Amino acid sequence: MENKIKWKTEKEQLEELEERKFSQDRKKYGRDGYIQVASGKFKYKGIFYLIKVLRYFNMDDGFKPIHSSRISDYHAVVESPKETEELKNLVDGLEEFSEFLFHDTQHTYNDKQNIAEQIQECCRLAKADINSLPKLIKNVEKRLKKLVQFSQKEEICECGHKQWEEHKCTFEPMVAQECNVKGCKCKKFRPKQKEEKF
């Protein structure tokens, strides 16, 4: 079901806690951890994102806040589901420090939020990511335009014309390039490529 969080019952959460106390490799994972207690798939502007709720525990006290400054033993995370993996990979490939659809509420400014407020915060962050896509596209288009300009720079003479003729230069192994626009006398030289014929 979309746009809804589905919770495990308190009984199910306590049973999973007891199972983790018994089965968790304490040398490898320590004496604490998280249990996923709720999740939901959301859709905004045609793009899916996941919200999961995790609950902190330790072996001695069971469920409890991870820090004394926090009021809740829950925290929420934003992730991308399978339907959004390709989009996330594209965005991550374009942005050096991308956190697109990858957030959590384990920051100090979340310490005084209850879990409902934390879920609301995750929805806000996910929607902000999705709303940022048009701006990202514009930035990419601008970068591509500059890249094209740089790649074509050597093909444009000082007069701005793009109409060039090439012929064998008397100073081998160079090739002369002359602008063939009437009245233009721009000329440049480039190294002759192997097996190049005129």
Requested in this report: Please go through the residue pairs Lys11/Lys82; Lys6/Lys88; Lys41/Lys146; Lys6/Lys112 and name each one whose alpha carbons sit more than 27 Å apart in this structure.
Outcome: Lys11/Lys82; Lys41/Lys146
Query - Alpha-carbon radius of gyration plus Dmax, which is the widest Cα pair, for the stretch 1-135 in Å - result: 16.3, 50
Query raised in the report: Got a sec to turn the phi values of the stretch 48-53 into Karplus ³J(HN,Hα) couplings, 6.51 cos²θ - 1.76 cosθ + 1.60 with θ = phi - 60°, whole Hz, x for Gly and Pro?
Result: 8, 9, 10, 10, 10, 10
Query raised in the report: Among Tyr109, Tyr34, Tyr74, which comes first, second and so on when ranked by fewest other beta-carbon atoms within 10 Å?
Result: Tyr109, Tyr34, Tyr74
Report summary line: Going fewest to most other Cβ atoms within 10 Å around each Cβ, Lys52, Lys127 line up as Lys127, Lys52
Report task. Fewest Cβ neighbours within 10 Å first, please rank Val53, Val148, Val140 accordingly. Result -> Val148, Val140, Val53
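Just so you know, all these numbers are worked out from the coordinates, no wet-lab data involved. Computed from a prediction, not measured in an experiment: that's the story for all the values here. Positions of Cβ are generated from backbone atoms using ideal geometry, with glycine treated the same way; all protein chains shown enter the neighbour counts.
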